[in-house]
Amino acid sequence: MAEKITVEELLARNKIVMASHTPAPTFQFLAENQIAVAKTLVVACVDPRSDPSYILGLKFGEAGILRNIGGQVKPLLNDILALDNLITFEQVMIIHHTDCGSTHFTNEQVRGVLTQRDPQAAAEMNVESVDFGAVSNLPDSVVRDVKFLKEHKLMREELKENIKGYLYDIEKGSLEEISG
């Protein structure tokens, strides 16, 4: 597993990176020079074992990437809609993965811990109704996320046709398309 690292160490590393930093192009530069931006959005889990850049062999700028716990689309909906407004994506790949941390807890466990930590704050937050992203069946979670985006009224019809879901096997390195 990864070493325990501090913010101070990360800041020190940034100084090393800055020494050879090449600025990324601005949106204005891209537009003025008619340089295409990524037209594929990848939604994936934040787990370092399921890094989309590695899984898909991506080079810088080849795809937009959004990551969160479980690679679930519902908590990312605002981001997806805003980015699509800016970039106008042509495709969306939703990637969940085997041995995901979201399969190792339940919503009830999280609710219990939060209620124990601060009953008043938990009540104010209404944690009993919050979905913390627990997953009991990985293929079903992929199907659910694809369906959620395809059925959402604010998603563009052209994009809905090109939303696909996959399950990444962290041991084999393979992607399997999951259809519902």
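Some points to look at:
- Scan of the stretch 114-134 for residues that are within 17 Å of P75 (Cβ to Cβ) and either open to solvent by 100 Å² or more (accessible area, probe 1.4 Å) or in contact with a helix residue (DSSP H, G or I) (Cβ under 6 Å, 6 or more places away or on another chain) (or both), ordered by number: L114, M125, V127, D131, F132, G133, A134
- Scanning the stretch 1-23 for residues that are free of Cβ contacts under 8 Å to residues at least 12 places away in the same chain and part of a loop (DSSP other than H, G, I, E, B) yields M1, E3, K4, I5, T6, S20, H21, T22, P23.
- P75 being under 10 Å from the mean Cα position of the chain (by Cα) and of a type outside the set (A, V, I, L, M, F, W, C): yes
- Being assigned to a loop (DSSP other than H, G, I, E, B), surrounded by 12 or more Cβ atoms within 10 Å (Cβ to Cβ) and on the phi < 0 side of the Ramachandran plot is not true of F148.
- Of the residues making up the stretch 1-31, those that are closer than 30 Å to I163 by Cα and either among the acidic types (D, E) or loosely packed, with under 10 Cβ neighbours inside 10 Å (or both) number 3.
- For the stretch 171-180, residues that are in contact with a helix residue (DSSP H, G or I) (Cβ under 6 Å, 6 or more places away or on another chain) and surrounded by 15 or more Cβ atoms within 10 Å (Cβ to Cβ) total 1.
- Among residues of the stretch 135-145, those that are open to solvent by 60 Å² or more (accessible area, probe 1.4 Å) and assigned to a loop (DSSP other than H, G, I, E, B), counted: 2
- For the stretch 72-80, the criterion of a residue being loosely packed, with under 12 Cβ neighbours inside 10 Å, outside any helix (DSSP H, G or I) and not aromatic (F, W, Y) is satisfied by no position.
- Index of the failed condition, G101 passing every other in (1) surrounded by 12 or more Cβ atoms within 10 Å (Cβ to Cβ); (2) on the phi > 0 side of the Ramachandran plot: (2)
- Top-ranked residue of the stretch 36-71 - restricted to ones that are β-branched (V, I, T) and in a helix (DSSP H, G or I), ranked as nearest to the chain's Cα centre (by Cα): I69
- Scope the stretch 32-46; condition open to solvent by 40 Å² or more (accessible area, probe 1.4 Å) and in contact with a Leu (Cβ under 7 Å, 6 or more places away or on another chain); matching residues: V37
The values are calculated or read from the model by the stated rules, or taken from the named source; none is laboratory data. Since the structure is predicted, the reported quantities are computational estimates derived from the model, not experimental observations. No Cβ is skipped: glycine too gets one built from the backbone with ideal geometry, and neighbour counts run over all protein chains shown. Surface accessibility is based on the protein's heavy atoms, side chains included, excluding ligands, DNA and RNA. Shrake-Rupley method; radii C 1.70, N 1.55, O 1.52, S 1.80 Å.
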